[in-house]
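Note sheet for the following structure.
The values are calculated or read from the model by the stated rules, or taken from the named source; none is laboratory data. What you see is a predicted model; the values in this text were computed from it and never measured. Reconstructed Cβ throughout: ideal geometry from the backbone, glycine too, with neighbour counts over all protein chains shown.
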Amino acid sequence: MPELVKKCPECGGINLNWNKERGEIICRDCGLVIEEKMVDFTQEWREFDSADGDRRRAGAPMTYTQYDHGLGTEVGQKADLFKLGGRERNKFFRLRKWQYRISTAIERNLKLALAELKRVSSFLKLPKSVEEESARIYTLAVQRGLVRGRSMESVVAGALYAACRRHDVPRTLDELSEASGIEKKEIGRTYRFVTRELGITILPSNPADYIARFASSLKLSAETQSNSIEILEEAQKAELTSGRGPTGIAAAALYVSALLHGEKRTQREVADVAGVTEVTIRNRYKELLDEMNLEKEIKKKKKVKKKR
């Protein structure tokens with residue numbers, strides 16, 4: 001009972017009853033309603049989903065990964081069909097059909113596109129934050145009419161690539177092309193168009209973000225991995241990374257570091273993991289050796305090996 005009310009103002013009695021359901025305080029001696037329409041500040045528990053039967057304080061959070069942001073409802077559930085008779089079952093299907101028909105073109109597009117987005121995101125094992133961001137970008141693109149004249153799959157792939165870049169999740173255009181079935185050039189073209197039209201600023205990729213994935217695929221040691229990051233930092237100071245693809249320079253740094261630590265990997269193996277050509281690895285490798293004087297260190301390592 002609230003501390004403000006301690007006794008009845010009519011009869012002075014202290015035998016008071018607090019009815020929480022009605023929000024009232026009543027004197028049991030004289031029947032006077034002392035307080036009414038009181039605000040209940042306790043927790044609210046509701047049953048949002050009859051299938052679960054769990055009582056919660058709130059429903060599911062809003063999300064861009066659903067066409068209605070997770071706030072919409074559907075006419076019945078498929079499990080309800082077994083409880084209905086023939087006439088009621090026909091009514092059920094008719095209502096569901098009309099609910100789909102009255103949805104807008106944007107909603108129908110989002111239903112199909114977000115399902116494809118979830119499929120590609122699952123294939124690439126992307127985190128939920130990236131999936132949410134890519135769904136937001138695609139929704140904005142649909143609302144601005146940027147999808148018109150382009151395939152839905154290419155815009156989905158472009159939105160996913162933009163979200164990966166914004167969240168510093170290293171995924172290459174080749175990986176997105178393999179997952180979505182769209183050509184690499186088409187994804188890049190759509191990505192640039194969507195980010196330009198929506199005013200999304202994306203910083204250049206950091207080559208160091210790719211080191212962990214490439215090192216894991218090549219089964220290189222942690223020492224080789226950390227040394228490759230040091231090589232990249234020196235290369236950035238010498239301005240060797242500007243104007244060059246981040247995957248190529250990262251793969252070359254790993255290749256050099258592997259040679260320095262005696263974990264020799266062929267250029268073909270490194271190129272396959274990074275998704276670049278052997279020529280790219282060779283060119284970046286030569287640039288690193290010439291500008292950073294790493295050739296002497298590699299020769300020393302080879303001499304030490306021969307003596308052993």
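Residues in the stretch 193-217 that are farther than 18 Å from R244 by Cα and either assigned to a helix (DSSP H, G or I) or in contact with a Lys or Arg (Cβ under 6 Å, 6 or more places away or on another chain) (or both): F193, V194, T195, R196, E197, L198, A212, R213, A215, S216, S217.
Checked against the criterion of being under 21 Å from the mean Cα position of the chain (by Cα) and at pLDDT below 90, the candidates L203, L240, L220 yield just one match: L203. Across the stretch 98-107, the qualifying residues are those that are within 27 Å of the chain's Cα centre (by Cα) and exposed (fewer than 11 other Cβ atoms within 10 Å of the Cβ), and the one among them that is nearest to G149 (Cα to Cα) is A105.
For the residues L117, L95, L110, L146, the requirement of being in a helix (DSSP H, G or I), over 16 Å from the mean Cα position of the chain (by Cα) and in contact (Cβ under 8 Å) with a residue 24 or more places away in the chain singles out L110.
No other residue among T241, T190 is assigned by TED's automatic domain parsing to the domain that holds V142 and closer than 23 Å to V169 by Cα apart from T190. Checking L232, L220, L240 one by one, the residue that is part of a helix (DSSP H, G or I) and crowded, with 19+ Cβ neighbours inside 10 Å is L232 and no other.
Okay, residues lined up against (1) within 20 Å of S134 (Cβ to Cβ); (2) in contact (Cβ under 8 Å) with a residue 24 or more places away in the chain:
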site	(1), (2)
R196	yes, no
S217	no, yes
R244	no, yes
A251	no, yes
Q267	no, no
A274	no, yes
